[in-house]
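Student: The following block contains the structure, expressed as structure tokens.
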Amino acid sequence: QVQLVESGGGSVQAGGSLRLDCAASGRVFNIHAMGWYHEAPGKERELVARYWSSDGATTYADSVQGRFTISGDSAKSTVSLIMENLKPEDSGIYYCNAVVRIAGLNYWGQGTRVTVSS
């Protein structure tokens, strides 16, 4: 019902910045929230930041608070993650996520890789 496409991953030195973008298509009127999850090798996917489409509220993981900023455009069904002061532990795959309001179902993008090196 919802398709998510991420862009903006890449390699950067520690302390650098990247911007990730996610575009949703399909039945976007069902989307309750969109966000970004981080998956490091051998680790579970963990929520990095979330944006609620209805009111623009945001939430962040403690590990990225003050460094990452999520923004959304409900009219365009897009969400962006501005990542600043990147650390090596931020490396991994970042997945865009959308939550469908009525059923609480989750949709996932294919993921985009971020590599942070010293």
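Student: Checking Ala24 against (1) over 19 Å from Val114 (Cα atoms); (2) modelled with pLDDT under 95; (3) over 11 Å from the mean Cα position of the chain (by Cα), which test does it fail?
Tutor: All conditions are met except number (2).
Student: Which count do you get for residues in region 80-92 that are over 15 Å from Ser118 (Cα atoms) and either open to solvent by 30 Å² or more (accessible area, probe 1.4 Å) or at pLDDT below 95 (or both)?
Tutor: So the answer is 1.
Student: Just name the residue that is surrounded by the most Cβ atoms within 10 Å (Cβ to Cβ) out of those in region 42-75 that are among the basic types (Lys, Arg) and out of contact with any helix residue (DSSP H, G or I) (no Cβ under 9 Å at 6 or more places or on another chain).
Tutor: Arg50
Student: Give me a count of the residues in region 43-84 that are in contact with a strand residue (DSSP E or B) (Cβ under 8 Å, 6 or more places away or on another chain), farther than 20 Å from Gly10 by Cα and of a type in the set (A, V, I, L, M, F, W, C).
Tutor: Residues in region 43-84 being in contact with a strand residue (DSSP E or B) (Cβ under 8 Å, 6 or more places away or on another chain), farther than 20 Å from Gly10 by Cα and of a type in the set (A, V, I, L, M, F, W, C): 3 in total.
Student: Can you tell me which of Gly16, Gly35, Gly56, Gly10 is small (Gly, Ala, Ser), at pLDDT 95 or above and at positive phi?
Tutor: Just a single option satisfies the conditions, and that option is Gly10.
Student: I'm checking my understanding of the structure. Among residues of region 4-41 that are aromatic (Phe, Trp, Tyr) and within 15 Å of Gln110 (Cα to Cα), which one is surrounded by the fewest Cβ atoms within 10 Å (Cβ to Cβ)?
Tutor: For region 4-41, the residue satisfying everything is Tyr37.
Student: Out of all the residues in region 31-42, which are more than 13 Å from Asn97 (Cα to Cα) and in contact with a strand residue (DSSP E or B) (Cβ under 9 Å, 6 or more places away or on another chain)?
Tutor: Correct list: Ala40, Pro41.
The values are calculated or read from the model by the stated rules, or taken from the named source; none is laboratory data. Model, not experiment: these values are computed from the prediction. So basically every Cβ, Gly included, is an ideal-geometry build from the backbone, and we count neighbours across all protein chains shown. Accessible surface is based on the protein model in full, side chains and every heavy atom, while ligands, DNA and RNA are left aside. Shrake-Rupley method; radii C 1.70, N 1.55, O 1.52, S 1.80 Å.
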